[in-house]
Amino acid sequence: MADVTTSSTEISDAFREPSQGCPLCSLWAREEASVTEDLKREGERENGESMKRILKASGFCNRHTHAVHKTGSTADGDNGLGCPACARAVVRKFADGLAPILTNLQTAKGRPEPGRGKGEEALAASIRELERIISGDAMCPVCQGLLESDMGRIATLLRMLDGKEFAELYGKSGAMCMPHFVSAMKQILGAPLKDVAGVWNLLMRTEITNLESIDRLLNQRMKKYSWDYRNEGLSQDEANAQRTAMLTIAGVEGLYCRPRKTSLRPAK
């Protein structure tokens with residue numbers, strides 16, 4: 001995978017840019033796009049480190065499997081194949097893993113079972129093995145890289161908030177989405193900060209102010225659906241309030257999504 005780092009300057013610039021969402025989400029989305037663009041080239045080296053990680057994870061999660069395919073489909077002369085070497089290696093792994101399971105089931109079917117319980121146990125064991133094959137033994141490598149970068153960005157952000165200049169900039173910003181806010185609060189107690197209480201209070205105050213602002217916009221938007229306000233048009237901020245609320249509640253699309261392929265069986 002590509003080695004992507006985010007400097008304090010990039011974080012500062014992201015908070016200065018006018019946007020309709022969380023600045024950390026914008027950096028997450030930018031990195032995700034960059035990594036998926038690089039994957040086609042890196043993944044074609046069948047014996048490379050990237051391929052080893054891809055195979056250990058049984059490919060990418062659902063989101064990044066589709067993202068890599070879409071990236072490949074826009075490349076000149078690629079015909080929408082995405083990363084064919086990656087796909088071939090993962091399909092081969094699935095085929096090699098399924099063959100012994102099928103053989104075991106067929107062998108067990110031909111043997112008389114003394115009790116129903118043992119047959120059910122054998123089937124349950126086969127299902128567990130099927131789950132392991134599709135989900136792999138590691139997290140989707142794209143998700144892993146994004147999460148590691150995200151943790152690094154949050155740690156850098158917290159150190160920056162310990163300084164007066166960036167603290168003032170952050171206080172005037174639209175704060176973070178709730179998932180990033182909670183992630184930052186989880187990191188703050190172990191962060192090497194001079195003023196932990198000050199950073200904590202700044203994060204809380206800014207987040208509450210942002211939520212209250214969105215609440216007012218949503219109320220205005222809803223109020224103007226009434227006949228009594230038929231002559232008042234929606235402002236641009238009011239028109240965007242629903243999307244702003246969505247981005248605040250959940251973050252950018254794909255943020256902290258499930259990092260493995262699964263079946264309908266509940267995640268443990």
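What to note about this one:
- The range 228-248, subset of a type in the set (G, A, S) and in a helix (DSSP H, G or I), residue modelled with the highest pLDDT: A245
- Counting residues in the range 219-240 that are over 30 Å from A57 (Cβ atoms) and within 26 Å of the chain's Cα centre (by Cα) gives one or more.
- Count of residues meeting criterion [under 19 Å from the mean Cα position of the chain (by Cα), part of a helix (DSSP H, G or I) and closer than 21 Å to A175 by Cβ] in the range 15-39: 9
- Scanning the range 152-178 for residues that are small (G, A, S) and either in a helix (DSSP H, G or I) or touching a residue at least 24 places away in the same chain (Cβ under 8 Å) (or both) returns G152, A155, A167, G171, S173, G174, A175.
- Taken together, the residues in the range 157-184 that are among the aliphatic types (A, V, I, L, M) and farther than 22 Å from T9 by Cα amount to 2.
- Meets criteria (surrounded by 14 or more Cβ atoms within 10 Å (Cβ to Cβ), at pLDDT below 70 and of a type outside the set (V, I, T)) for E42: yes
- Filter result (of a type outside the set (K, R) and under 19 Å from Q242 (Cβ atoms)) within the range 194-218: N210, L211, E212, S213, I214, D215, L217, L218
- Meets criteria (at pLDDT 90 or above, out of contact with any Lys or Arg (no Cβ under 8 Å at 6 or more places or on another chain) and either part of a helix (DSSP H, G or I) or of a type in the set (A, V, I, L, M, F, W, C) (or both)) for L102: no
- Any hit, the range 9-30, residues being modelled with pLDDT under 80 and in contact with a Leu (Cβ under 6 Å, 6 or more places away or on another chain): no
- Residues of the range 169-203 satisfying the condition of being within 18 Å of C22 (Cα to Cα), among the charged types (D, E, K, R) and over 24 Å from the mean Cα position of the chain (by Cα): K172
- The selection criterion, being modelled with pLDDT under 85, assigned to a loop (DSSP other than H, G, I, E, B) and touching a helix residue (DSSP H, G or I) at 6+ places or on another chain (Cβ under 9 Å), holds for L81.
- Selected residue (only one of K164, K56 is more than 26 Å from A184 (Cβ to Cβ), surrounded by fewer than 16 Cβ atoms within 10 Å (Cβ to Cβ) and modelled with pLDDT of 85 or more): K56
- Y225 vs. criteria assigned to a loop (DSSP other than H, G, I, E, B) and surrounded by 12 or more Cβ atoms within 10 Å (Cβ to Cβ): no
- Matching option when the condition is surrounded by 14 or more Cβ atoms within 10 Å (Cβ to Cβ), modelled with pLDDT under 95 and basic (K, R), among K93, K109: K93
- Test: residue in the range 238-253 that is charged (D, E, K, R) and surrounded by 14 or more Cβ atoms within 10 Å (Cβ to Cβ): yes
The values are calculated or read from the model by the stated rules, or taken from the named source; none is laboratory data. Quick caveat: nothing in here was measured; it's all calculated off a predicted structure. Note that we place each Cβ from the backbone using ideal geometry, even for glycine, and neighbour counts take in every protein chain shown.
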